[in-house]
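The values are calculated or read from the model by the stated rules, or taken from the named source; none is laboratory data. Small disclaimer: the values here were computed from a predicted structure and weren't measured. Here the Cβ is made from the backbone with ideal geometry for all residues, glycine too, and neighbour counts use every protein chain on show.
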Amino acid sequence: MADITFITANKNYCLWPLPAWLCLKAADLEFDEITIPFSDPNARELFLQHTPTGSVPALKHGDLMLWDSMAICEYIAELAPEAGLWPDDRSKRAIARSFVADIHSFSGAHRAEVPSIDVGRVMPTNIRERTDRIKVPADIQKVFDRNTNVWRECRLKYAADGPYLFGQFSIADAMSAPFVNRFVTYSVPLGNIEADYRDTMRAHPNIKEYIAIAEAEPWSHEYSDRPFS
Amino acid sequence: MTDLTLITANKNYSRWPLPAWLCLKVAGLEFDEVTIPFSDPDARKRFDALSPTGSVPVLKHGDLTIWDSAAICEYVAELAPEAGLWPDDRSTRAVARSVVADMHSFSGAHWAAVPFVSIGAVMPTNVRQRTEKITVPADIQRIYDRNTKIWRDCRSKHAADGPYLFGRFSVADAMSAPLVNRFVTYNVPLEEIEADYCDTIRDHPLMKEYIALAEQEPWVHAPSEHPFS
């Protein structure tokens, strides 16, 4: 039994288990997992029982209870500095944090500017499914462009340092991974640089492992299966 | 002229200049400010020119451009470690980051049970106005309950360490400050612990300075005035 426990919803249907899971793996920390599937009729109660605010993912480390992907990833970076989950250079790290924060709030704080967007409704997370029938609404495309613009800029700037956004794999990649999967699920057309980055990410051994786990999950979720029927 | 420049929308009508501004002030760093009021017909264009995502606030430090409040606050904390903008203890710091992440995504991106809510449309930021006419919609009240529960938990735990969420003033307080102002603007009823916390934040000399600046701003933004007419 590890003293770190990671508490999440199911991997196939939830956008957010992935970043913290990837950071834990990249940091080579042992951890137990508690999965509360959305299909559990008591899911909400269980979330509240396991976490302070009822939000998942949450991370328990001994007596310490953390929630929110961004905060969990920061904590893992502090627990395992040798994993280099943030770029070493302060300025580069600041840019990486800008991007991570942006992803973190893209459907939230900034929603005020681009109202009527709910990506999760139109294009729910569903790692194992594929469709090319969903036409990306203009509002959602703006949010996607926001992310892919940063991917492109990073890849152009840091190509010499390695294949990931800031060269070596960082929290910026971990936070981008759910969107890589969404682009694959919905066959979203990408420019060459972004498509290469998507392929690099999908080829990452930890992401492959995660996808295999998601695909093997037994639960179904009617709401998230709608676009594929 | 300093080599730090904080670029934001107006203080009265925007929720987000405040956290980064407070952190810079608490850190004792000199900085220039550029304000792009929402009423500027070129505001959108000017925001877009600043960062890859067109969001404000932006902090420029020499050639470096950092965007997003959470990332700017992290950077300021790194620039001025002696200001103690994060709790010293690793576990406490991790919880503080959870609180920051929660405030950052407060409109519920991570909370599956909260449907689309646009607090900004119902209760726009307007630091200098007051009303008690707005009944808080149930969806929004749930988010407020979540926010204030977090404040209450922190204050209950760290009361002996000082008057702020984690004792000493931290990034968690800076990120909470816009919500404090909103509760004042809309006379949102609070329990004693949270009400005391709001008073403590409002009494902070730097908060007073910011509020005075917001109140004196010359611009009027009609969409943010509708609850007060």
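Listed values, structure above:
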read-out	value
B:A80, sole failed condition from (1) small (G, A, S); (2) facing chain A (nearest Cβ under 10 Å); (3) over 26 Å from B:P223 (Cα atoms)	(2)
Selected residue [more than 7 Å from chain A (Cβ to nearest Cβ) and within 16 Å of A:D68 (Cα to Cα)] from B:V95, B:V99, B:V34	B:V99
Residues being in a helix (DSSP H, G or I) and under 18 Å from B:Y144 (Cα atoms) - total across segment B:160-201	23
Segment A:81-91, residues that are surrounded by fewer than 20 Cβ atoms within 10 Å (Cβ to Cβ) and touching a residue at least 12 places away in the same chain (Cβ under 8 Å)	A:A83, A:G84
Segment B:210-229, residues that are touching a residue at least 60 places away in the same chain (Cβ under 8 Å), part of a helix (DSSP H, G or I) and not aromatic (F, W, Y)	B:I211, B:L213, B:A214, B:E215, B:P223, B:S224, B:H226, B:P227
Any hit, segment B:42-53, residues being hydroxyl-bearing (S, T, Y), under 25 Å from A:C154 (Cβ atoms) and at pLDDT 90 or above	no
Count of segment B:102-132 residues which are closer than 24 Å to B:A174 by Cβ, surrounded by fewer than 20 Cβ atoms within 10 Å (Cβ to Cβ) and modelled with pLDDT of 85 or more	3
Single residue of segment A:210-229 satisfying the filter (assigned to a helix (DSSP H, G or I) and among the aromatic types (F, W, Y)) that is nearest to A:A20 (Cα to Cα)	A:Y210
Listing of helices (runs of 4 or more DSSP H) fully contained in segment A:51-170 that carry 3 or more residues being within 10 Å of chain B (Cβ to nearest Cβ) and of a type in the set (D, E, K, R)	A:90-105, A:138-158
All positions within segment B:190-227 that are crowded, with 18+ Cβ neighbours inside 10 Å and among the aromatic types (F, W, Y)	B:Y197, B:Y210
Candidate set from segment B:58-71 (those that are facing another protein chain (nearest Cβ under 8 Å) and aliphatic (A, V, I, L, M)); member that is farthest from A:I95 (Cα to Cα)	B:A70
Qualifying residue in segment A:180-203 (condition: closer than 17 Å to A:A20 by Cβ and either surrounded by fewer than 20 Cβ atoms within 10 Å (Cβ to Cβ) or at pLDDT below 95 (or both))	no
Segment A:41-50, subset hydrophobic (A, V, I, L, M, F, W, C) and more than 9 Å from every other protein chain (Cβ to nearest Cβ), residue surrounded by the fewest Cβ atoms within 10 Å (Cβ to Cβ)	A:L48
Among residues of segment B:133-174, those that are modelled with pLDDT of 95 or more, under 28 Å from B:Q216 (Cα atoms) and more than 11 Å from chain A (Cβ to nearest Cβ), counted	6
Strands (runs of 3 or more DSSP E) (entirely within segment B:1-101) containing at least 3 residues that are crowded, with 20+ Cβ neighbours inside 10 Å	B:4-8, B:58-61
Candidate set: segment B:10-31, residues that are within 14 Å of chain A (Cβ to nearest Cβ) and touching a Ser or Thr at 6+ places or on another chain (Cβ under 7 Å); chosen: the one farthest from B:R97 (Cα to Cα)	B:Y13
Test result for A:K25, in contact (Cβ under 8 Å) with a residue 40 or more places away in the chain, buried (at least 20 other Cβ atoms within 10 Å of the Cβ) and of a type outside the set (S, T, Y)	no
